[in-house]
Amino acid sequence: MNPVESEAREPGAVRPGRSVHIAGIGSYAPERVLTNQELEKMVDTTDEWIMTRSGIRERRIAAEGQSTSDLGAEAARAALADAGLGPGDVDLIIVATASPDMLFPSTACQLQHKLGARKVAAFDISAACSGFIYALEVGRQFVASGAHDTVLVVGADKLSSITDWTDRATCVLFGDAAGAVVLRHEPGRRGILSTLLGADGSQKEILNVPAGGSAMPATEQTVRDRMHCIRMSGREVFKLAVNAMLGAAREALAKSGLSLDEISCVIPHQANMRIIEAISDRLGIGMERFQVNLQQYGNTSAASIPVALDEAVKRGRIKRGDNVLLVAFGGGLTWGSAVLQW
Ligand code: UT7
């Protein structure tokens, strides 16, 4: 039985769940590459600063007219193909994003239509860079409970659409991409062993998009002041990110019943090489067991974990039966971690 399944039941308590595994995975990054050298011409920065402070060399930027749901639909098609399924097999669609196509309808509804899926329930989850782990856990619950059999979970972000391209402190960090997984139950496969989610709503000032919502509706002034773009106090976020990711990883591991030695691969949120190195150091898992691709993609928010996971699987770094630790941190503040048996 999975640690996420519970044994003793009382009336009204959650029913024991079915095990849930990732039956298919796929990812997508737009073709256009934006290099550090190009950014040197746009803002007062250097390749050397970006590389030493973040580890990022280049990032992908969505094409004109390509929205978050377009990126997500590409990743979803790949994940469904990997699972040997088609859009008609999907029972539920969950999209994690911080850069939705519109305030509403949801990006998940747009993705359902673009995918040609049936008119099944579709909704978004807002947990910024932790969004994929949040969506994974929500999707898992639906499969575990038996409410749905095939849940499509997508992490997609087009952060280039909410990036202030005049702010050197943030514009060098972000990129566009999407990753998707198909969640199913299969007798005998353990899949998701444990999850841990958390949030601290008191820290909204250090990472947010101030305008465009009900708190600060769009005006000419908000547009002039670029308040529809990401604002971040990098140094503060950095410190909190390391501690929150360490706590989340340790708790998810403890819940899974596995030891650090049993983890073959760690997939951290790809925000900053120094954050990942600090986690590796303090967790006591060598960097050789971490999948890192931020050099090529930058911080792709909700897409970062499924894109890196897909890469690790496709490169044969994660094999059937391997234990994998996912850990993320993002605006909210939010954090999340999951332990999977592949
Ligand atoms: O995904 C959601 C979670 N987000 C994160 O996890 C991001 C966390 N934070 C970070 O990754 C790092 O804090 C950054 C990469 C954003 C910044 O690195 P830092 O070492 O914390 O630098 P800093 O913000 O303290 O800035 C150091 C200096 C400042 O100059 P002064 O005040 O020391 O003169 C900045 O103005 O670097 C300056 N600076 C830059 N210089 C050249 C900031 N951005 C740039 C730039 N190029 N692009």
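Given a 1.4 angstrom probe, I'd like the percentage of the accessible area of the chain that is carbon and sulfur, rounded to a whole number. Mind dumping the intermediate values first?
Numbers: 7340 of 14480 Å².
Answer for the chain is 51 percent, counting heavy atoms of protein chains only.
Would you mind counting up the charge near residue 258? Only other residues with Cβ under 12 Å from its Cβ, with Lys and Arg at +1 and Asp and Glu at -1.
Details: positive: 190, 250, 255; negative: 261, 262, 322.
That works out to 0.
Using per-residue counts of other Cβ atoms within 10 Å, averaged over each peptide, order 325-337, 144-156 from highest down.
Answer by packing, highest mean first, reads 325-337, 144-156.
Considering amide H positions built from the backbone, and no H for Pro or chain starts, which residues 5 or more places from residue 124, or on another chain, come under 5 Å of its amide H?
Counting only residues 5 or more places away or on other chains, the set is 95, 108.
What residues qualify as long-range amide H neighbours of residue 290, i.e. H under 5 Å apart, gap of 5 or more or another chain, H built at 1.01 Å from N?
Result for residue 290 returns 266.
Which angle between 0 and 90 degrees, to the nearest 10, do you get for helix 234-256 versus the longest principal axis of the chain when only C-alpha atoms count?
10 degrees
Taking the chain as the reference, fit the longest principal axis to its C-alpha atoms, fit the long axis of helix 273-283 to the helix C-alpha atoms, and give the angle between the two in degrees, 0 to 90, nearest 10.
Tilt relative to the chain: about 40 degrees.
Evaluate E = 1/(1 + (r/R0)^6) for residue 33 and residue 123, where r is the Cβ-Cβ distance and R0 equals 51 Å; express this FRET efficiency to the nearest 0.05.
Working: r = 32 Å, r/R0 = 0.64.
It comes to 0.95.
Take the eigenvalues of the Cα gyration tensor for the range 106-172, scale each by 5, and report the square roots as semi-axes in whole Å, largest first. Please report the intermediate quantities before stating the final value.
Numbers: eigenvalues 172, 47, 10 Å².
Working through the eigenvalues yields semi-axes of 29, 15, 7 Å.
Just the number, please: percent antiparallel of the DSSP beta bridges in the chain, rounded to the nearest 5.
65 percent
So how do 293-299, 46-52, 27-33 stack up, highest first, on mean other-Cβ count within 10 Å?
Numbers: 293-299: 22.3, 46-52: 14.4, 27-33: 19.0.
Peptide ranking by packing, descending: 293-299, 27-33, 46-52.
Compute the long axis of helix 131-145 from its Cα atoms, compare it with the longest principal axis of the Cα atoms of the chain, and write down the angle in degrees, 0 to 90, nearest 10.
20 degrees
Express in nm, to one decimal, how much length is gained between residue 314 and residue 103 on full extension, taking 0.36 nm for each residue of separation and deducting their alpha carbon distance. The partial results should precede the final answer.
Numbers: separation 211, 0.36 × 211 = 75.96 nm, distance 3.42 nm.
Taking residue 314 through residue 103 to full extension adds about 72.5 nm, to one decimal.
Place a +1 charge on the Cβ of each Lys and Arg in the chain and a -1 charge on the Cβ of each Asp and Glu, then give the dipole magnitude about the Cα centre in debye, rounded to the nearest 20.
Working: 35 positive and 39 negative charges, 104 e Å.
Around 500 debye, computed over the chain.
How much length, in nm to one decimal, is gained on full extension between residue 64 and residue 287, taken as 0.36 nm per residue of separation minus their Cα-Cα distance?
Numbers: separation 223, 0.36 × 223 = 80.28 nm, distance 3.67 nm.
Residue separation times 0.36 nm, minus the Cα-Cα distance, leaves 76.6 nm.
Counting only DSSP beta bridges with both residues in the range 212-342, tell me the antiparallel percent, nearest 5. Walk me through the intermediate numbers first.
Numbers: 8 of 14 bridges.
The antiparallel fraction comes to roughly 55 percent.
Once you place label points 7 Å from the Cα toward the Cβ at residue 236 and residue 145, how far apart are they in nm?
3.6 nm
For the chain, with every protein chain kept in place, what is the accessible area per residue (1.4 Å probe, Å²)? If you can, show how the numbers build up before the last one.
Numbers: 14480 Å² over 342 residues.
Averaged over the residues of the chain, the accessible area is 42 Å².
Give me the net charge of residue 37's neighbourhood, meaning all other residues with Cβ under 12 Å from the Cβ of residue 37; Lys, Arg count +1, Asp, Glu -1. If you can, show how the numbers build up before the last one.
Numbers: positive: 41, 57; negative: 38, 40, 47, 48, 58.
Net local charge, residue 37 excluded: -3.
As I understand it, the dipole of the chain uses +1 on the Cβ of Lys and Arg and -1 on the Cβ of Asp and Glu, about the Cα centre. Which of 244, 286, 297 lies farthest toward its positive end?
Value computed over the given set: 286.
If we restrict to alpha carbons, what Rg and Dmax does the chain come to, in Å?
19.1, 64
Under 26 Å between C-alpha atoms is the cut-off here; go through the chain and count lysine pairs that meet it, provided they're at least eight residues apart or on different chains.
10
Using the Cα centre of the chain as origin and beta-carbon charges of +1 (Lys, Arg) and -1 (Asp, Glu), tell me which of 253, 54, 153 is placed farthest towards the positive end of the dipole.
Result: 253, furthest along the dipole toward the positive end.
Taking 37 °C and 0.692 mPa s as the conditions, I'd like the Stokes-Einstein D for the range 152-254 in µm²/s, using the Kirkwood hydrodynamic radius from alpha carbon pairs.
195 µm²/s
How far apart, in nanometres, would the label points at residue 165 and residue 218 be if each is projected 7 angstrom from Cα along the Cα-to-Cβ direction?
The modelled label-to-label distance comes out at 1.7 nm.
Cβ under 10 Å from residue 184's Cβ, residue 184 left aside: what net charge do those residues give with Lys, Arg +1 and Asp, Glu -1? Mind showing how you got there, number by number?
On the way: positive: 18, 189; negative: 89, 91, 149, 186.
So the surrounding residues net to -2.
Under the 0.36 nm per residue contour assumption, what length would be gained going from the current alpha-carbon distance of residue 225 and residue 295 to full extension? Intermediate values should be presented prior to the final figure.
Values: separation 70, 0.36 × 70 = 25.20 nm, distance 3.03 nm.
Using 0.36 nm per residue and subtracting the Cα-Cα distance, I get 22.2 nm.
The values are calculated or read from the model by the stated rules, or taken from the named source; none is laboratory data. Computed from a predicted structure; not experimentally measured. Positions of Cβ are generated from backbone atoms using ideal geometry, with glycine treated the same way; all protein chains shown enter the neighbour counts. Just the protein is used for accessible areas: all its heavy atoms, side chains included, with ligands, DNA and RNA removed. Shrake-Rupley method; radii C 1.70, N 1.55, O 1.52, S 1.80 Å.
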